[in-house]
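First comes the structure, then the notes that go with it.
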Amino acid sequence: MSESTSVTPRWQPCEHLDPPPSPLQRDWLLEAGSLTRRLTLASSNRFSVEPLQEGWASLRDDECQALEVPAGSEGWVREVYLLGAGQRWIFARSVATRPALEASGFALDQLGKRSLGHLLFSDPAFARGALELCRYPSALLPADCRGTPQPWARRSRFCRGSLSILVAEVFLPAFWIAGQHG
């Protein structure tokens, strides 16, 4: 998993960011609906998911704090790229604690190339929490993206009963370069 104990994202509400994202960046970062749906439209229906890795691992401290569990808690960690027209537009990291995931029966480990976002937004039992933004530490990105200087990222928590899934989405340079996201 993309891991670094010495680097922590500084997640916060958009209104606390200084400097703030540009209007275009803000529009995408604060998208309240399904990012999967919007990316599908922006890519002329050429959206896909490229799984990187997934499995049980210790969650990062910022993830434990957001999920309100003790530091060092174990959870399921899924890392993928979201592609538009064959380009890696978004790096996504989704996590859920082991006890909550096992008790819920939600098959996070069975997604493969399917979008987690599609499932979360198609299940009305999931409630989405507030969006938080940050300049994502490059050290936490997959090795092939680490040259990216702190890209914009967002995260939110999706809850269904005792299950909470924390979803972070990092907007990579290729996304903004594609220029079709107005």
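A few remarks follow.
- Conditions (1) in contact with a Cys (Cβ under 6 Å, 6 or more places away or on another chain); (2) within 21 Å of S115 (Cβ to Cβ): number failed by A71: (2)
- Residue match in region 74-93 (condition: in contact with a helix residue (DSSP H, G or I) (Cβ under 6 Å, 6 or more places away or on another chain), in a loop (DSSP other than H, G, I, E, B) and modelled with pLDDT under 95): no
One line per residue, one yes/no per condition, for (1) in contact with a strand residue (DSSP E or B) (Cβ under 9 Å, 6 or more places away or on another chain); (2) part of a strand (DSSP E or B); (3) surrounded by 17 or more Cβ atoms within 10 Å (Cβ to Cβ):
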| site | (1), (2), (3) |
| --- | --- |
| A96 | yes, yes, yes |
| A100 | yes, no, yes |
| C134 | yes, yes, yes |
| D144 | yes, no, no |
| R154 | yes, yes, yes |
| R157 | yes, yes, yes |
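- Taking region 107-132 as the range and being surrounded by fewer than 17 Cβ atoms within 10 Å (Cβ to Cβ), free of Cβ contacts under 8 Å to residues at least 12 places away in the same chain and under 18 Å from L166 (Cβ atoms) as the test, only A107 passes.
- Test: A168 is closer than 18 Å to A85 by Cβ and of a type outside the set (D, E, K, R): no
- With respect to being under 16 Å from A168 (Cα atoms) and within 14 Å of the chain's Cα centre (by Cα), R128 fits the description.
- Residues that are among the acidic types (D, E) and either modelled with pLDDT of 95 or more or loosely packed, with under 12 Cβ neighbours inside 10 Å (or both), drawn from region 28-53: E50
- Failed criterion for L172 (all others in (1) over 13 Å from W28 (Cα atoms); (2) out of contact with any Asp or Glu (no Cβ under 7 Å at 6 or more places or on another chain); (3) buried (at least 16 other Cβ atoms within 10 Å of the Cβ) hold): (1)
- Region 54-72, residues that are polar (S, T, N, Q) and crowded, with 18+ Cβ neighbours inside 10 Å: none
- Residues of region 39-71 classified as within 24 Å of Q110 (Cα to Cα) and without any contact (Cβ under 8 Å) to a residue 24 or more places away in the chain, total: 4
The values are calculated or read from the model by the stated rules, or taken from the named source; none is laboratory data. Bear in mind the structure is a predicted one, so any value in this text is a computation, not a measurement. As a convention, Cβ positions derive from the backbone with ideal geometry for all residues, glycine included, and neighbour counts pool all protein chains shown.
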